[in-house]
Amino acid sequence: MRVWSWRSGSFDGRTKYWEIGIALLPEYRGRGIGWRAQAMLTAYLFEHTPVQRIQAATHPEYLAEQKSLEKAGFRLEGVIRGCEVRAGRLRDGYLCSRLRDDPAPDLGNGSVTGPATDTAGEPSAH
């Protein structure tokens, strides 16, 4: 399972930012893992680097990821027009960010549940 990735960048050569991303297998979705992982990685980067901005991109049709980013403290900044080719055509994306001074989300006890299983112990479909 790939939980997260990140890379650094700069808009003006001086002001640094981190860009994070996440990919979860279907059986791990809907368990609170995604938003907590993104919130925890963001907290780690703010604590251990001088960065002021962390951003994440998603697609307009990925409603669950948009909710996950919002729960992790990110704000939607806007549309990235024609940012990638998918299924042979240009597609838009959404850019979200969280700044160092933005309120951090409440992680509660930080626990997440394992993958959903049916009564036979097999992963259930979502």
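Each value in this text was obtained by applying a stated rule to the coordinates, not by laboratory testing. As the structure is a prediction and not an experimental result, all values here were calculated from the model. Backbone-built Cβ (ideal geometry, glycine too); neighbour counts: all protein chains shown.
Relative to the compact globular guide of 2.2 N^0.38 Å, what is the alpha carbon radius of gyration of segment 5-99, as a ratio?
Numbers: Rg = 13.7 Å, N = 95, 2.2 N^0.38 = 12.4 Å.
Here the Cα radius of gyration is 1.11 times the empirical estimate.
Sort 33-42, 64-73, 17-26 by packing, meaning the average of other beta carbons within 10 Å per residue, with the highest value first.
Numbers: 33-42: 21.3, 64-73: 19.5, 17-26: 16.3.
My ranking of the peptides, most packed first, is 33-42, 64-73, 17-26.
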